[in-house]
Amino acid sequence: MREIIYLSCGDCKRRNYVNRRNKKKHTEKLTISKYCRFCGKHTEHKETK
Ligand SMILES: [Zn+2]
């Protein structure tokens, strides 16, 4: 089974990215620095469902 993960901006809370991944591993929450087009800069993105 695949799990759909959203990456939401830590600043504006918008969901900017969607990840699909295998459910077997990676149960920990990731924080990734990604570009947010709403903030216009790189921000910390957290996983949400
Ligand atoms: Zn943002």
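Please give me the summed charge of the neighbours of K34: other residues whose Cβ is under 12 Å from its Cβ, Lys and Arg +1, Asp and Glu -1.
So the environment of K34 carries a net charge of +2.
Determine by what factor the alpha-carbon radius of gyration of the chain differs from 2.2 N^0.38 Å, reporting the quotient.
1.15
What are the ³J(HN,Hα) values, in whole Hz, obtained from phi via the Karplus relation 6.51 cos²θ - 1.76 cosθ + 1.60 with θ = phi - 60°, for each residue of the range 38-49 in sequence order, with x given for Gly and Pro?
7, 7, x, 7, 7, 9, 6, 10, 10, 7, 9, 9
For the residue pair K49 and L30, what label-to-label distance in nm results when each label sits 7 Å from Cα along the Cα-to-beta-carbon direction?
1.7 nm
Pairs of lysine in the chain with Cα under 12 Å and at least 8 positions apart or on different chains: total? Can you show the working numbers first?
Details: K13/K46; K29/K46; K29/K49; K34/K46.
The number of close lysine pairs in the chain is 4.
Coordinate-derived values only; no laboratory data. Please read these numbers as outputs of a predicted model, since none were measured by experiment. We place every Cβ from the backbone using ideal geometry, glycine too, and count neighbours over all the protein chains shown.
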